[in-house]
1. Out of the range A:141-182, which residues are under 16 Å from the mean Cα position of the chain (by Cα), surrounded by fewer than 22 Cβ atoms within 10 Å (Cβ to Cβ) and assigned to a loop (DSSP other than H, G, I, E, B)?
2. Need at least 3 residues that are under 23 Å from the mean Cα position of the chain (by Cα) and aliphatic (A, V, I, L, M) per element, so show me which strands (runs of 3 or more DSSP E) inside the range A:199-254 make the cut, counting only ones lying wholly within it.
3. What is the residue count in the range A:39-63 for residues that are open to solvent by 70 Å² or more (accessible area, probe 1.4 Å) and under 19 Å from A:Glu94 (Cβ atoms)?
4. What is the number of the single condition among (1) within 14 Å of chain A (Cβ to nearest Cβ); (2) in contact with a strand residue (DSSP E or B) (Cβ under 8 Å, 6 or more places away or on another chain); (3) open to solvent by less than 30 Å² (accessible area, probe 1.4 Å) that B:Val208 does not meet?
5. Would you pick out the residues in the range A:211-241 that are touching a residue at least 60 places away in the same chain (Cβ under 8 Å) and either touching a strand residue (DSSP E or B) at 6+ places or on another chain (Cβ under 6 Å) or under 22 Å from A:Ala170 (Cβ atoms) (or both)?
6. If we scan the range A:173-182, do we find a residue that is assigned by TED's automatic domain parsing to the domain that holds A:Met241 and touching a Ser or Thr at 6+ places or on another chain (Cβ under 6 Å)?
7. Pairs needed: first member in the range A:194-205, assigned by TED's automatic domain parsing to the domain that holds A:Tyr164 and under 17 Å from A:Ile167 (Cβ atoms); second member anywhere, of a type in the set (Ser, Thr, Tyr) and assigned to a loop (DSSP other than H, G, I, E, B); C-beta distance under 6 Å; at least 6 residues apart or different chains.
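The values are calculated or read from the model by the stated rules, or taken from the named source; none is laboratory data. None of these values were measured; they are calculated from a predicted model. Counting neighbours? That spans all protein chains shown, and the Cβs are built from the backbone with ideal geometry, glycine included. Note: accessible area is taken over every heavy atom of the protein model, side chains too, but ligands, DNA and RNA are not part of it. Shrake-Rupley method; radii C 1.70, N 1.55, O 1.52, S 1.80 Å.
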Number of protein chains: 2
Amino acid sequence: MTGLLTIVGLGPGDPRFLTPAAAEALATATDLVGYGPYVDRVPERPGQQRHTSDNRVELDRARFALELAAKGARVAVVSGGDPGVFAMAAAVFEAVDGGDPAWRSLDIRVEPGITAMLAAAARVGAPLGGDFCAMSLSDNLKPWEVVEARLRAALSADFVVALYNPISSARPWQLGAAFKIVAETRGPDTPIILARAVMRPDEQIRIVPLSEVEASMADMSTIVIIGASTTKLIERPDGEMPYVYTPRFYGVRP
Amino acid sequence: MTGLLTIVGLGPGDPRFLTPAAAEALATATDLVGYGPYVDRVPERPGQQRHTSDNRVELDRARFALELAAKGARVAVVSGGDPGVFAMAAAVFEAVDGGDPAWRSLDIRVEPGITAMLAAAARVGAPLGGDFCAMSLSDNLKPWEVVEARLRAALSADFVVALYNPISSARPWQLGAAFKIVAETRGPDTPIILARAVMRPDEQIRIVPLSEVEASMADMSTIVIIGASTTKLIERPDGEMPYVYTPRFYGVRP
């Protein structure tokens, strides 16, 4: 088969954070496939077909894109952030694995992008400076017991934890439950970063101690970073937001 | 103070993966500071000062960059991958925290980049498609007991694990020890990805089952990704490298 399917990471949203390789994949595609607001971020090109869908049908969207590519199209599946991190790449490969065997002959590529936790971390300092875990707090695709067990494991070994998909109208209580679990092992001053719409015009970033954090401070567009026991604030003069970082060393300072 | 210090993520190396924002920070700096091979990746500009050092003096390099910025320079500290992930950003904030209080007034920014695990994952499919941990296997900055406890915690909760700094001439045995620990809980067919010099001319990527992996397959430029119990291969025709992905769902398939 001659078709090409590239899953393209748009990064946080601002084109200043889109890699040239990703921009080229978007520019040379015959067909764009994706969630409407992501497709809307891509400049329109004459002759390029745009196929948009809502946010809840990743597998259907992936199969549609694979069918187009199997017919010979150059398809770009647009994805927020990095396609490989809680985004469209896994859905595409799930569709290949369970779908038409001929799809395995397709040229399927992934163009990486700046994922939300990297963008959020960059805005506040270096909170991911030590070892860290990234997990989705959604229990749509795995039981809450698995989410909870993973969170507890990450906390027990003093990883920094980045929480994707922290809350939505259909999942209102999970983030509050997660903060309670965090408070069982981490101190009240542990820095929690709530970064909403990072590097977009409506960006909002808060750094809140664990004792004061509330689930209502997050929404669907927020990424939450939970500091480790070593994560520190550097206070700054003139009311500037403090820097937050996690030292590289652990235990005895070298 | 009027100085500016930006810690700039170069990504994997090829300028096609350097964000426009990072490129601009490099182009407008009066001074570049960094490890020689990273500084060498940046095009030379008339009037721009270049200050290179070797790879073992991150804190000294950070202090030097802060001193330059405190004198009014626009400094770019160049970093491989993403500065916030096992790279230069944490070192700079460590230096600020323990250094001249005046440095807290400086404008210190981080320009995110494509970190090695995202580049490696993109090359093979979507191995980070589920929850994952990223950890440095180096025991230069933390005791081996901490490394081992974190690895065991991540394995116990069935995270995918990305290992940075897996091996070096000064740390020859740690990766082999890590693979032994992995084999206590993960099956012999667990896919291990060894991605060396990703997205550079000498890129070399191997996908090896846990039962056949050896520490000698990695070097200082390699990132190692250890699959979860759910991580799968998709075999392909004509001798092509298989795709590797971790499904988004866990437990019962939705």
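1. Answer for the range A:141-182, where residues must be under 16 Å from the mean Cα position of the chain (by Cα), surrounded by fewer than 22 Cβ atoms within 10 Å (Cβ to Cβ) and assigned to a loop (DSSP other than H, G, I, E, B): A:Leu141, A:Asn165.
2. Working: elements: A:204-209, A:222-226, A:232-234, A:243-245.
Ranges flagged: A:204-209, A:222-226.
3. Of the residues in that region, 4 qualify.
4. (1)
5. Let us first name the residues in the range A:211-241 that are touching a residue at least 60 places away in the same chain (Cβ under 8 Å), namely A:223-231, A:234, A:241.
Across the range A:211-241, the qualifying residues are A:Ile223, A:Val224, A:Ile225, A:Ile226, A:Gly227, A:Ala228, A:Thr231, A:Ile234.
6. Of all residues in the range A:173-182, those assigned by TED's automatic domain parsing to the domain that holds A:Met241 come to A:173-182.
Next cut, touching a Ser or Thr at 6+ places or on another chain (Cβ under 6 Å) only: none.
No, that holds for no residue.
7. Short answer, once both residue conditions are applied: A:Arg196/A:Ser221; A:Ala197/A:Ser221.
For (1) more than 21 Å from B:Pro15 (Cβ to Cβ); (2) in a helix (DSSP H, G or I), each residue gets a yes or a no:
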| site | (1), (2) |
| --- | --- |
| A:Thr2 | yes, no |
| A:Val8 | no, no |
| A:Pro37 | yes, yes |
| A:Val42 | yes, no |
| A:Arg45 | yes, no |
